[in-house]
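The values are calculated or read from the model by the stated rules, or taken from the named source; none is laboratory data. All values derive from a computational prediction rather than experimental measurement. Note: ideal-geometry Cβ built from the backbone for every residue, glycine included; neighbour counts use all protein chains shown. Just the protein is used for accessible areas: all its heavy atoms, side chains included, with ligands, DNA and RNA removed. Shrake-Rupley method; radii C 1.70, N 1.55, O 1.52, S 1.80 Å.
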Amino acid sequence: MPLITPEDAVERLKRGELVAIPTETVYGLAGRIDDERALRRIFEVKSRPFFDPLIVHIENKDQAKSLAREWPPVYDTLTDAFWPGPLTLIVPKTEAVSHLITAGLETVALRSPNHPIARKILQELGVPLAAPSANRFGRTSPTRAQDVIDEFQDKIPVVDGGACEVGLESTVLRAVQEGDKWRIEILRPGGVSRDQIAHVLSQKKIPHTIIRVESKATPGHTPAHYQPESPVVIVKNNFSEEDLKKYIAARLNQNIVKLQWLTLPEDPRQAAREIYHSFRLLTGPGHAICVRLQPSHLSTDWEAVLDRLLRASVLSVENLK
Ligand code: TXA
Ligand code: MG
């Protein structure tokens, strides 16, 4: 197994190599931001299109500010509350940030991860790291070292940091000033919920609105994403197992021999922690992964899990016609 120590990871990153590192959200495929070859290799290894910008991981707010041409004051409140942690902030970039990272955009996505190994590596390296999730483009993100090995075999060395605590990606947001109010645009729901953000801003008496923005602003957050090898099917009604199996097989034009039911835990945080791992465990030849959605899943604390489920799914079944 290509497992390496954090010290070895630092040495390799210094030389411009890529390593997979644990973060509290998912494992990241990391390369130093000041090495164009390393950056190109991230896209190559992931088969990631160059139009999909990368998140830059920094140690703390000072390092973040050194890469930002502007820093909206509301970010001080957000970083005080949520950094280090699963929150990614969009800012106008400085020259130090390559256009390869930002896919030509003038903005960069910044996040300070909370995993002790990621923090130690960032601290010892002293250079920020570009790190997308360590999976092939469009596939399920890894939440265990073994998942990364399954994705890339021995091509990429991995630091084992155990199972990821959050289990799905960070919340990506951008703040826009509107008179005396901040408009918080959530580009990707994730580890920090809309309610947590609202709570912190309200406590500090900062006037704000929070909206979800589905747009080109998050270029890689495509409608089909996070997909495991076996198809994920959302089931919205009760059907006999046999009828459902036949229907899915016909609709997907695929031989389905087994329906694997994914039962979501009651607690959305636990659901987040388990979802990608469940996708991997339930994947198999001829399997379809079926998920039953409940009305409670429409509440805001389920936003991130629901987003990943819908993007991972290839079919939603309401009736068998
Ligand atoms: O939790 C996470 O965020 C993980 C861990 C490894 O930190 N990383 C991650 O990276 O999910 P990735 O590359 O899989 O997703 C990055 C997302 C993409 O949807 C991308 O489009 C968006 O961030 N993004 C990056 N830069 C952006 C920018 N300048 N403006 C808008 N969206 C941006
Ligand atoms: Mg990803």
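Looking at the chain, do any whole DSSP H helices span at least 24 angstrom along their long axis by alpha carbon and average 0.0 or above on Kyte-Doolittle, and which?
Within the chain not a single helix satisfies the rule.
From the Cα gyration tensor of region 78-152, with a ≥ b ≥ c the square roots of its eigenvalues, which class applies: rounded if a/c is under 1.5, or else prolate if a/b is larger than b/c, or else oblate?
oblate
Pull up all non-local amide H partners of GLY138: gap of 5 or more, or a different chain, and H-to-H distance under 5 Å with H placed in the peptide plane.
When sequence neighbours closer than 5 places are left aside, the close amide H contacts are TYR226.
Measure off, as a whole percent, the carbon and sulfur share of the 1.4 Å-probe accessible area of the chain, all protein chains present.
49 percent
Which of rounded, prolate or oblate describes region 206-312 when judged by the alpha-carbon gyration tensor and an a/c cut-off of 1.5?
prolate
Check which residues have an amide H placed less than 5 Å from SER316's amide H, if you skip close sequence neighbours.
ILE234
Would you mind getting the Kirkwood hydrodynamic radius of the chain from its Cα pairs, rounded to one decimal in Å?
20.3 Å
Once you order the gyration tensor axes a ≥ b ≥ c over the Cα atoms, which shape class does region 267-321 get: rounded for a/c under 1.5, otherwise prolate or oblate by comparing a/b with b/c?
The shape class here is oblate.
What value does region 6-63 have for Rg/Rh, both radii from Cα atoms and Rh as Kirkwood defines it?
The Rg/Rh ratio comes out at 0.95.
Please list, ordered by chain and number, the residues whose modelled amide H lies under 5 Å from the amide H of VAL108; skip anything fewer than 5 residues away on the same chain.
Those lying under 5 Å, H to H, from VAL108 are VAL91, LYS93.
Using a Förster radius of 22 Å, what is the FRET efficiency between GLN177 and ALA103 based on their Cβ-Cβ separation? Nearest 0.05, please.
Given R0 = 22 Å and the Cβ-Cβ separation, E is 0.35.
Answer with one residue from SER313, ASN255, PRO223: the one whose Cα lies farthest towards the positive end of the charge dipole of region 222-321, charges on Cβ with Lys, Arg +1 and Asp, Glu -1.
ASN255
Can you work out ³J(HN,Hα) from phi for every residue in region 20-30, in order, using Karplus 6.51 cos²θ - 1.76 cosθ + 1.60 and θ = phi - 60°, giving whole Hz and x for Gly and Pro?
Calculated HN-Hα couplings, in order: 8, 10, x, 10, 6, 8, 9, 6, x, 9, 9 Hz.
Kindly provide the Kirkwood hydrodynamic radius of region 12-124 in Å, to one decimal, from all pairs of distinct alpha carbon atoms.
Hydrodynamic radius (Kirkwood, Cα pairs) of region 12-124 is 14.3 Å.
Once you have the Cα-Cα distance between ASP62 and ILE211, take 0.36 nm times their residue separation minus that, and quote the gain in nm to one decimal.
Separation in residues times 0.36 nm, less the Cα-Cα distance, equals 50.9 nm.
Counting GluC sites (Glu not before Pro) as exposed when in a DSSP loop with at most 16 other beta carbons within 10 Å, what is the longest stretch of the chain free of them?
Excluding the exposed sites themselves, the longest stretch runs over 107-213.
At 0.36 nm per residue, and after removing the present C-alpha to C-alpha distance, how many nm does the segment from GLN254 to GLN270 gain when stretched out fully?
2.6 nm
Run the numbers on region 1-73 and let me know its relative contact order in percent, using alpha-carbon pairs under 8 Å that are six or more apart.
With pairs under 8 Å counted, the relative contact order is 16 percent.
What FRET efficiency, computed as 1/(1 + (r/R0)^6) with R0 = 25 Å and r the Cβ-Cβ distance, is obtained for LYS246 and GLN294, rounded to the nearest 0.05?
That pair, LYS246 with GLN294, gives E of 0.50.
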